[in-house]
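Working notes for the structure below.
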């Protein structure tokens with residue numbers, strides 16, 4: 001079966017629209033697993049892996065709905081115009097039906113991990129669909145909603161393995177997500193220039209200077225929050241060591257590298273792709289994760 005336009009099969013266009021390449025955003029689900037000292041628990045690892053898969057599916061359903069609602073604006077975007085829905089290769093009605101099927105299947109699996117995880121998954125799906133339809137059109141609230149979506153991923157990771165999520169994890173996740181969302185807005189504003197508001201009306205309320213100010217505040221807050229977490233008495237008592245503070249240089253380099261790519265290379269439109277494609281950034285994140293695991297599970 002072929003898609004209405006183009007030579008690619010319908011299933012392939014659906015797969016592209018689900019954006020499997022954005023899977024790295026759902027790694028936040030594993031935060032609770034690592035920091036709750038459950039990485040050596042096979043059952044908890046399996047439950048976290050299922051939770052990760054659920055959120056990959058839910059994210060795909062959100063992308064489908066988002067692309068349907070934004071198809072007219074995406075047609076005027078130099079990159080998004082090639083997406084299956086914007087280009088006409090995938091019928092919007094077919095995309096909405098696929099989103100409903102994928103979301104229903106994901107929520108059915110989520111229910112098997114318990115009511116708290118199921119409720120968090122439903123909250124995530126509802127919030128992000130509301131973002132696609134409404135919140136993305138409200139300045140500042142748009143980036144806060146994106147950050148809330150990442151925070152719900154972290155909460156869901158704890159709910160999946162039945163452990164409380166540290167308030168430090170929630171704070172750091174929220175601030176880091178805000179940093180990424182604001183950087184993405186800046187990239188869109190600079191890339192589209194005078195046509196920015198044709199693609200996303202809220203960009204008319206932002207300026208590069210305003211976004212740089214917001215990014216500066218969030219950058220400093222993120223690094224300070226992480227530094228305080230690593231040296232807090234609560235953390236020292238929990239892990240029985242002060243060595244977690246030795247991992248601070250990795251977030252420092254990672255955020256500075258990301259800012260360099262945004263300001264000097266005009267990148268940042270897709271944080272997930274940037275993480276995978278920029279080798280220094282990827283190595284930094286990998287070394288940070290490895291060092292955290294070594295300190296906690298030494």
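The values are calculated or read from the model by the stated rules, or taken from the named source; none is laboratory data. Because the structure is a prediction, the values reported are computed rather than measured. Note: ideal-geometry Cβ built from the backbone for every residue, glycine included; neighbour counts use all protein chains shown.
The number of residues in segment 253-282 that are loosely packed, with under 14 Cβ neighbours inside 10 Å and over 17 Å from the mean Cα position of the chain (by Cα) comes to 6.
Using the structure shown, decide if residue 108 is farther than 18 Å from residue 31 by Cβ, without any contact (Cβ under 8 Å) to a residue 12 or more places away in the chain and surrounded by fewer than 19 Cβ atoms within 10 Å (Cβ to Cβ). Yes.
Right, residue 97: over 21 Å from residue 289 (Cα atoms) and without any contact (Cβ under 8 Å) to a residue 12 or more places away in the chain or not? For residue 97, the condition - over 21 Å from residue 289 (Cα atoms) and without any contact (Cβ under 8 Å) to a residue 12 or more places away in the chain - is met.
Taking the listed residues 252, 189, 282, 267, the one that is part of a helix (DSSP H, G or I) and under 25 Å from residue 135 (Cα atoms) is 189, with no other qualifying. Going by the conditions given, is residue 157 within 18 Å of the chain's Cα centre (by Cα), modelled with pLDDT of 95 or more, more than 30 Å from residue 233 (Cα to Cα) and in a helix (DSSP H, G or I)? When the stated conditions are applied, residue 157 does not pass them.
Looking only at segment 39-53, decide whether some residue is in contact with a helix residue (DSSP H, G or I) (Cβ under 9 Å, 6 or more places away or on another chain), assigned to a loop (DSSP other than H, G, I, E, B) and over 12 Å from residue 17 (Cβ atoms). Yes, segment 39-53 has at least one match. Only a single criterion out of (1) surrounded by 15 or more Cβ atoms within 10 Å (Cβ to Cβ); (2) in a helix (DSSP H, G or I); (3) in contact (Cβ under 8 Å) with a residue 60 or more places away in the chain is not satisfied by residue 21, namely (1). Of the numbered criteria (1) in contact with a helix residue (DSSP H, G or I) (Cβ under 8 Å, 6 or more places away or on another chain); (2) exposed (fewer than 14 other Cβ atoms within 10 Å of the Cβ); (3) under 22 Å from residue 166 (Cα atoms), the one residue 291 fails is (2). Looking at residue 126, is it over 14 Å from residue 52 (Cα atoms), at pLDDT 95 or above, surrounded by fewer than 16 Cβ atoms within 10 Å (Cβ to Cβ) and more than 17 Å from the chain's Cα centre (by Cα)? The answer is no for residue 126. Counting residues in segment 34-56 that are in contact (Cβ under 8 Å) with a residue 60 or more places away in the chain, within 15 Å of residue 132 (Cβ to Cβ) and either buried (at least 21 other Cβ atoms within 10 Å of the Cβ) or not assigned by TED's automatic domain parsing to the domain that holds residue 288 (or both) gives zero.
Considering segment 137-154, and only residues there that are in a helix (DSSP H, G or I) and more than 15 Å from the chain's Cα centre (by Cα), the residue that is modelled with the highest pLDDT turns out to be 141.
Please verify whether segment 78-94 includes one or more residues that are free of Cβ contacts under 8 Å to residues at least 24 places away in the same chain and either surrounded by 21 or more Cβ atoms within 10 Å (Cβ to Cβ) or in a loop (DSSP other than H, G, I, E, B) (or both). Checked against the condition, which is being free of Cβ contacts under 8 Å to residues at least 24 places away in the same chain and either surrounded by 21 or more Cβ atoms within 10 Å (Cβ to Cβ) or in a loop (DSSP other than H, G, I, E, B) (or both), segment 78-94 yields at least one hit.
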